[in-house]
Amino acid sequence: MAVETTDDRVRNTSFVFWSSSKYRTKFYEVLVLGLLFASLYWIINNVVTNLNRLGIRTGFGFLKQEAGFDIGQTLVTYNEASSYGSAVLVALLNTVLMSLLAIVFATIIGFVVGVSRLSSNWLLSRAATAYVEIFRNMPLLLQIFFWYFAVLRALPVPRQSIAFFDTIYINNRGIYAPSPVFEPGFGIVIAALVMALGVAIALRRWARVRQSRTGQPFPVLVTSLIIIIGLLLVSAAVAGFPLSWQVPALKGFNYTGGFSVIPELVAMVVALSIYHASFVAEIVRGGVLSVRRGQVEAARAMGLRPGQIMREVIVPQALRVIIPPLSNQYLNLAKSSALAAAIAYPDLMHVLGGAVLAQTGQPIEVMTIVMGTYLAISLLIALFMNWYNRRSSLVER
Amino acid sequence: MNEAQGAAMIEIRDVHKWFGDFHVLKNINLTVAKGERIVICGPSGSGKSTLIRCINRLEAHQQGNIIVDGIELTDNLKQIDAIRSEVGMVFQDFNLFPHLTVLENLVLAPHLVRRMPRAEAEEIAMNYLGRVRIPDQANKYPGQLSGGQQQRVAIARSLCMSPKIMLFDEVTSALDPEMVKEVLDVMIGLADEGMTMLVVTHEMGFARTVANRVIFMDLGQIIEENEPRAFFEAPQHERTRNFLEQILSH
Ligand SMILES: Nc1ncnc2c1ncn2[C@@H]1O[C@H](COP(=O)(O)OP(=O)(O)O)[C@@H](O)[C@H]1O
Ligand SMILES: [Mg+2]
């Protein structure tokens, strides 16, 4: 402060550091992160010390121990003697199966209902509106209970099953259908199927190149279907129809043999699909409405047919608007699948939050696994949808 | 009218149209000869857009006949398709497809509707982009162009279908003043080549120099119809005079 000139410079530099919003923001970021980690460390340290003092086990060693309980639906080999680790895997697969099926159905129903709402057919658009307003305005848990208790559990007992063609049986314990039994020689049919699919893909590519070169379209879909069905029939005939069906039969208290689906899965998939489809429908409707009217008019004025306008003009523009909120909806669906615990469908939430938690008495570890797994599922969905979004919105506006 | 110029390209006879209860077109009669340039003007809401949109069936009329190049417009989809591929239309707000490049915008209809090989369609497209003086923008997206450039692309896109008739609906109204001229120049070029044109516009300079006939519409009716000189210098009807005063006063 003695010599004016140098003093000014010094004051200026320090002034620059604090006035630069870039440095200030960085400083606060580091400060907040530091405080966060310090408090996390403090909490975890405290918890572990306390648990050790109380003599409660910690760590994930229990995963290798025998679980000792059975699970009602297993996609991989599992029995009472399997480990807790296997139980986690079974539960995870059950969650994935339920979520995937529901995502597929919710998407299909949602697109149909969303487009129907825009239809000029009065009855159709009103029906679609009613669908959306009814199913998105009632609690999901209520809908799950409705499908499970009021519909599926209210079905007749196995002895009085509802039968279709004496091969498919429906009762309050589940749905029973014939399962295919592959006999020797079935490999030929599979080989034929692979070959037919290859031909179909090649045909599609050829037709695209040809249309680009000559302008002439080619009926790819119909031709492919004929080739696939034809090759399948011929190969099956050659191999002597190497496929038989194992039909479920009433044995004791229930049907055995064949293919069965437990009512808990059906209730969950139906409830999740129908509930989330009402949101998907709104997303789809918004996407289609976002395409300006003039776009369709310009396409019509150039002589494009309705199908071509849909494919070339509306869908590509609507998809860009649809995909981001649609990914959000898929994330919601996957997370809301945890409500399965309420009707004891053996998903992650039910198996880990129920039997595993009760038997191990290690809530922190068990909940960490559940949280980590849901997080991983969500991240996978987000990653896939981001990839798809990038792919469909590569082009600029 | 100008029967000397050739056979009728468009014939509109006693046409009426309603939107619900609203009588939007009232007893319209208009014959457009091949190569004729018609300018349609009139106050907003008088039915100018509706009239030219009836010519390519973006709107359907309920009474009377519209015959385009010998094909009558009815509910017959084949005939509608045939007419649409002969009639080009350019809109006030361009309506280019934002997800396609300029070139793809131009190739789409010739390739899918005319079943033209892609390479050939691209060659024609580049040719028209040259004519509207923006061949260097072929691989850009519409959103990257100025309004005037977009409108020129839209004109080129219509021309790629080699139409016999071009409809223009206030194509310079959404443009900044400095871009109006570049679009009008393209339209003047088209007129010089003998294109049959129906132009809804308030650009009276364009009407004076390019039009064979000017039509004034009000409340769904054709009020007055004359060659430009007489139309501007000696309008017959009170309403036409009022309209011209308003439009020419600024
Ligand atoms: N699709 C429609 N439904 C109902 N009324 C319409 C529709 N399109 C236009 N109109 C009405 O018809 C009248 C004429 O419209 P338009 O032909 O666009 O007039 P202009 O192009 O001369 O301004 C206006 O009053 C307008 O509100
Ligand atoms: Mg208009």
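The values are calculated or read from the model by the stated rules, or taken from the named source; none is laboratory data. Everything quoted here is computed from the prediction, not taken from an experiment. For neighbour counting, all protein chains shown are included, and Cβ atoms are generated from backbone atoms with ideal geometry for every residue, glycine included.
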The stretch B:74-93, residues that are assigned to a loop (DSSP other than H, G, I, E, B) and either within 14 Å of ligand 1 (Cβ to nearest atom) or surrounded by 15 or more Cβ atoms within 10 Å (Cβ to Cβ) (or both): B:SER85, B:GLU86, B:PHE91, B:GLN92, B:ASP93
Search result, residues across the stretch B:28-73 that are buried (at least 21 other Cβ atoms within 10 Å of the Cβ), more than 19 Å from B:ALA211 (Cα to Cα) and within 7 Å of ligand 1 (Cβ to nearest atom): B:SER46, B:GLY47
The stretch B:37-59 - residue that is more than 10 Å from ligand 2 (Cβ to nearest atom) and assigned to a loop (DSSP other than H, G, I, E, B) and, of those, farthest from B:LEU167 (Cα to Cα): B:PRO43
Count of residues meeting criterion [over 35 Å from the mean Cα position of the chain (by Cα), away from chain B (no Cβ under 14 Å) and without any contact (Cβ under 8 Å) to a residue 40 or more places away in the chain] in the stretch A:201-242: 2
Out of B:LEU96, B:LEU108, B:LEU175, B:LEU167, sole residue that is assigned to a loop (DSSP other than H, G, I, E, B), within 13 Å of chain A (Cβ to nearest Cβ) and at negative phi: B:LEU96
Unmet criterion (only one of (1) modelled with pLDDT of 95 or more; (2) surrounded by 15 or more Cβ atoms within 10 Å (Cβ to Cβ); (3) within 24 Å of A:ALA344 (Cα to Cα)) for A:THR129: (3)
Helices (runs of 4 or more DSSP H) lying entirely in the stretch A:257-355 (those with 2 or more residues that are more than 14 Å from every other protein chain (Cβ to nearest Cβ) and not acidic (Asp, Glu)): A:263-289, A:315-336
Candidate set: the stretch A:184-198, residues that are surrounded by fewer than 15 Cβ atoms within 10 Å (Cβ to Cβ) and of a type in the set (Val, Ile, Thr); chosen: the one farthest from the other protein chains (Cβ to nearest Cβ): A:ILE190
Pair list, Cβ < 8 Å and 6+ apart or interchain, from the stretch B:118-130 residues that are under 21 Å from B:GLU182 (Cα atoms) to residues that are surrounded by fewer than 20 Cβ atoms within 10 Å (Cβ to Cβ): B:ALA125/B:LEU103; B:ALA125/B:ALA138; B:MET126/B:LEU103; B:MET126/B:PRO135; B:MET126/B:ALA138; B:LEU129/B:LEU103; B:LEU129/B:PRO135; B:LEU129/B:ALA138
Conditions (1) touching a Leu at 6+ places or on another chain (Cβ under 8 Å); (2) away from chain A (no Cβ under 14 Å): number failed by B:ASN56: (2)
Subset of the stretch B:201-239 that is surrounded by fewer than 20 Cβ atoms within 10 Å (Cβ to Cβ) and polar (S, T, N, Q) - its residue that is nearest to B:ARG37 (Cα to Cα): B:ASN212
B:VAL200 being in contact (Cβ under 8 Å) with a residue 40 or more places away in the chain, within 23 Å of B:PRO177 (Cα to Cα) and touching a Phe, Trp or Tyr at 6+ places or on another chain (Cβ under 7 Å): yes
